[in-house]
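The values are calculated or read from the model by the stated rules, or taken from the named source; none is laboratory data. Bear in mind that the values here come from a model prediction, so they are computed numbers and not experimental data. Please note: Cβ atoms are built from the backbone with ideal geometry, for glycine as well, and neighbour counts cover all protein chains shown. Ligands, DNA and RNA are stripped out before the accessible areas are found, and what is left, the full protein with its side chains, is counted by its heavy atoms. Shrake-Rupley method; radii C 1.70, N 1.55, O 1.52, S 1.80 Å.
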Amino acid sequence: MFQKILIANRGEIALRVLRACKELGIQTVVVHSTADADAMHVRLADESVCIGPPPSRESYLNIHQIVAACEITGADAVHPGYGFLSENAKFADILAAHNITFIGPSGDHIRIMGDKIEAKRTAKRLGIPVVPGSDGAISDEKEAKRVAAAIGYPVIIKASAGGGGRGMKVARTEADLEVALQTAKSEAGAAFGDDAVYIEKYLEKPRHIELQVFGDGAGHGVHFGERDCSLQRRHQKVWEEANSPALNTEERSRIGGICAKAIADLGYSGAGTIEFLYENGEFYFIEMNTRLQVEHPVTEAITGIDLVHEQIRVASGGGLSVRQEDIKFNGHAIECRINAEDARTFTPSPGTITHFHTPGGLGVRVDSGVYSGYRIPPYYDSLIGKLIVHGRNRVECMMRLRRALDEFVVDGIKTTLPLFRDLVGNADIANGDYDIHWLEKYLAKVD
Ligand code: ADP
């Protein structure tokens, strides 16, 4: 087992990882920018190292500084959290070259999944169902027209290097195709420095369903069931559930079995999430994330398994603590992402939190690094906390969520809490009857 883990992240996820390390009796080091000197994870860690000024590229993305911090403190492993360097293959390779364990998959597996065309090709080869579309990058309009005609309109053009919902354009008819292709290419070039794009069938009313998987790096793979993250705004997840209100036990074990086998065949090590669009009973792979996800606590709530413990065990060579037959799904869980943003316009609202009170009681978990008097720096993501509620079934979970939201107090800044208070009272949400477009349509109506 590791002696000392360096946590290369900030905010709630840094604290989340720190808690797991403490439980396992592992020493912790955190790195931070000058803007985060007062952060909770810095206060609670055994050691901390300031690695640079506020902009991420000079601190949380600065590989040299992070490796130097490992060497100074004698850390033998790095947990990257999510975002920042968590899906940076070069970072994983550099750590390996310094004999420091990256708590995540190999640089090669990160590289394959970071390129969407390559990821889709790999998924297909491993027997995972994919969205019908072009086999690789589209070179010109003629080819785009041929592929689109074969799969049928509407189609979506997506950037191979894409992320965060950027570089995607829908074409409803052949007349739209030229403009969509050009815009997607130039957006992709500007955002990612790579203008390779590919075409997929555009699904009109899918749900976003993702499978939590784990590989031990020695040819074994398991799945921890799915999460439904269909409630999105601008392709950003807002509310996540486990299990999905749309799946039955048979569908869950079928797609779970396919994913676990794929992970085993790939020789994958650590946590991963295989994302699908789900429509009319069919699953369509869209991408795989090779890291811990923001929404992992809903899976922990229904399985009772600490996924960060599992990541650390696997990375240290200890293997998974569970076999597939040990993983049982118990009840229902919902996570609300609490952002420092206006609940209607989603404009960021940094500033000082004058009062912070979190709900408690049975089945309620709050993961957050903020506190009364904390000043939210304007440089980073606006997520300030996550409320995760568990119940024996979805109805009980929703009752508890409503109560927990009522108790939650964040004063001094605007947050997305009012949106969730509206959503718990909505009939479609109560019935679990929503797709990936539901939230945008709802927001357009209430405006
Ligand atoms: P990114 O990595 O940029 O987040 P994804 O491939 O994960 O891109 O897609 C993000 C979101 O875009 C999906 O959750 C879904 O809402 C939408 N999307 C992607 N592909 C399709 C498709 N083929 N049909 C309909 N919607 C899609």
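Roughly speaking, what is the stretch gain from ARG392 to HIS437, that is 0.36 nm per residue apart minus the C-alpha to C-alpha distance, in nm to one decimal?
Details: separation 45, 0.36 × 45 = 16.20 nm, distance 2.82 nm.
Full extension of this stretch gives 13.4 nm more.
So in the chain, what percent of DSSP beta bridges are antiparallel if you round to the nearest 5? Show your work: numbers first, answer last.
On the way: 59 of 74 bridges.
Percent antiparallel among DSSP bridges in the chain is about 80.
Quick one: if the Förster radius is 51 Å, what FRET efficiency do HIS357 and HIS98 give, using the C-beta to C-beta distance and rounding to 0.05? If you can, show how the numbers build up before the last one.
On the way: r = 43 Å, r/R0 = 0.85.
Result of the calculation: an efficiency of 0.75.
Using only the Cα atoms, work out Rg/Rh for region 1-146, with Rh taken as the Kirkwood radius, to two decimals. Don't skip to the answer; put the middle values down first.
On the way: Rg = 18.7 Å, Rh = 16.9 Å.
Radius of gyration over Kirkwood radius for region 1-146 works out to 1.11.
Given q = 0.12, 0.13, 0.21 Å⁻¹, what are the Debye log10 I(q)/I(0) values for region 147-228, with equal point scatterers placed on the Cα positions and solvent ignored?
The computed values of log10 I(q)/I(0) come out as -0.49, -0.55, -0.91.
Mind checking the per residue accessible area of region 234-321 for me, 1.4 Å probe, whole number of Å²? Working shown, then result.
Numbers: 2730 Å² over 88 residues.
With the other protein chains kept in place, region 234-321 gives 31 Å² per residue.
Using the structure shown, list the pairs from LYS145/LYS261; LYS120/LYS445; LYS90/LYS169; LYS169/LYS414; LYS205/LYS237 with a Cα-Cα distance above 25 Å, or answer none. Could you put the intermediate results ahead of the total?
On the way: LYS145/LYS261 35 Å; LYS120/LYS445 36 Å; LYS90/LYS169 30 Å; LYS169/LYS414 32 Å; LYS205/LYS237 16 Å.
Flagged as over cut-off: LYS145/LYS261; LYS120/LYS445; LYS90/LYS169; LYS169/LYS414.
Sum up the charges of everything whose Cβ sits under 12 Å from the Cβ of GLU174, counting Lys and Arg as +1 and Asp and Glu as -1, but leave GLU174 out. Spell out each step's value before the answer.
Values: positive: LYS142, LYS145, ARG146, ARG172; negative: GLU141, ASP176, GLU178.
Net of charged neighbours comes to +1.
May I ask you to list the trypsin sites (Lys or Arg not before Pro) in region 279-375 that are in a DSSP loop and have at most 14 other Cβ atoms within 10 Å of their Cβ? Don't skip to the end; give the middle numbers.
Numbers: sites: ARG291, ARG313, ARG323, LYS328, ARG337, ARG344, ARG365, ARG375; in loops: ARG291, ARG323, LYS328, ARG344.
Answer in residue order: ARG323, LYS328, ARG344.
Using a probe of 1.4 angstrom, how much of the accessible area of the chain is carbon and sulfur, in percent?
Details: 8740 of 17890 Å².
Carbon with sulfur: 49 percent of the solvent-accessible area.
Which residue fluctuates the most in the chain, going by a Gaussian network model with Cα springs under 10 Å, if the choices are ASP176, ASP228, ASP342?
Sorting by GNM fluctuation, first place goes to ASP176.
Can you tally the net charge around ALA75? Count Lys and Arg as +1, Asp and Glu as -1, for every other residue whose Cβ sits under 13 Å from the Cβ of ALA75.
On the way: positive: LYS4; negative: ASP46, GLU47, GLU71, ASP76.
Surrounding charge for ALA75 is -3.
For ASP428 and THR34, what is the calculated FRET efficiency with R₀ set at 60 Å and r taken between the beta-carbons, to the nearest 0.05? Let's see the in-between values first.
Working: r = 45 Å, r/R0 = 0.75.
Result of the calculation: an efficiency of 0.85.
Working only with C-alpha atoms, what are the Rg and Dmax values of the chain, expressed in angstrom?
21.5, 62
I'd like the FRET efficiency for ALA218 and ILE72, computed as 1/(1 + (r/R0)^6) with the beta carbon distance as r and R0 of 51 Å, rounded to 0.05.
Numbers: r = 33 Å, r/R0 = 0.64.
So, using R0 = 51 Å, E works out to roughly 0.95.
At 7 Å along the Cα-to-beta-carbon direction for both ARG323 and THR347, put a label point, then send me their distance in nm to one decimal.
Roughly 5.8 nm, to one decimal.
At what distance in nm do the modelled label points of GLU251 and GLU282 sit from each other, each positioned 7 Å from its Cα along Cα→Cβ?
According to this spin-label approximation, the distance is 1.4 nm.
On average over all directions, what projected area in square nanometres does region 200-277 have, based on the convex hull of its Cα atoms?
Numbers: hull surface 23.0 nm².
So the Cα hull casts an average projection of 5.7 nm².
GLU141 label point, 7 Å along Cα→Cβ, cut-off 18 Å on backbone N: hits in region 174-217?
174-187, 197-199, by backbone N distance to the label point.
Using a basic spin-label model with each label point 7 Å from the Cα along Cα→Cβ, how many nm lie between ARG403 and ALA149?
Taking the two extended label points, one gets 6.2 nm.
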